[in-house]
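Taken together, the values in this text are just the output of simple stated rules run on the coordinates, not laboratory data. Being a predicted model, the structure only gives us computed values, none of them experimental. All Cβ positions, even for glycine, are placed from backbone atoms using ideal geometry, and neighbour counts span all protein chains on display.
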Amino acid sequence: MDFLGINIPTYGWETILGSAISGVFLGSIYALVALGLTLIYGVLHIINFAHGALLMLAMYAVFYLWQYLGIDPYLAMFIVVPGGFLFGYGLQRTVIGKASHGKDEIILLVTLGVSIIIENAALFFFSATERSVRVPYDLDGIDLGVTYVVYPELAALGGSLLVTLGLWLFMTRTDTGKAIRAVAKERQGARLVGINVDHIFAVTFGIGVACVAVAASLLVPTYAVHPQVGYLFVLIAFTVVVLGGMGSFVGALVGGFLIGITEQLGRLYLGESLGVITISVIFILVLLFRPTGLFGQKSG
């Protein structure tokens, strides 16, 4: 089929369905990275420019736990997730919070500076060489008929669903989660009722980094680790967050799936180089007709 001078191939429903299913698994990876980003935005109301660098740092931690201690990347989650929370909590409490003096526009610059420092430190200590984890199950999977799904893809899908559910339960059923929601809604009011806002900010940032650590553990069996790896995911994660609705966990999950499916179908019909354009197209369309995102709410 020819459209505007571009020869677009035609495929049977099996091929299209197979690509869509592959897109769901790809989208679950994007959603994992976006969940921590949308949590931080939902409370701190800032875009964390260090998100990609923190993802890269967590992936290196998973890699070296595997290389030197022989710890499976999925089991490394029990180390890097608590470590990520503590690192994020300390980073926000000692660097980001103090340097920003409570001003959101300064926080943006501070997180950008943190990102630059982490990435250049990674280049200095780890070099630009790609490092890969080899696990015995990386090519094993399930044949669905229309596509073949490897176990790491299934793990990423299950992880994104569990993290989304866990965050929702935490935010709605725990006292800390309710305090986080109160701070997100009205900072000054939260202070007046005795909530330690600075502590809640740090806890939220720590949870966001912990989510990144979960994503790192699930990504390492599939993707090589290098100092620029964060860029591959965080730019799309920003798109997912805006698409789903700023601060919405369900929106991040659904947005990730939509972006993944769109990207895979775009590659199927337009090729590898042009396929990613479809991500920008659907992003612009949603902003034109739904500026707050699919699950976002209008302020005021």
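Annotations for the structure displayed:
- Size descriptor for the chain, Kirkwood hydrodynamic radius: 20.0 Å (Cα pairs only, one decimal).
- Sorting the segments 72-85, 161-174 by their residues' average number of neighbouring beta-carbon atoms within 10 angstrom, most packed first, yields 72-85, 161-174.
- Relative intensity, log₁₀ I(q)/I(0), of region 78-202 from a Debye sum that treats every alpha carbon as a point, q = 0.09, 0.18 Å⁻¹: -0.46, -1.15
- Region 183-265 shape via C-alpha gyration tensor axes, a/c threshold 1.5: oblate
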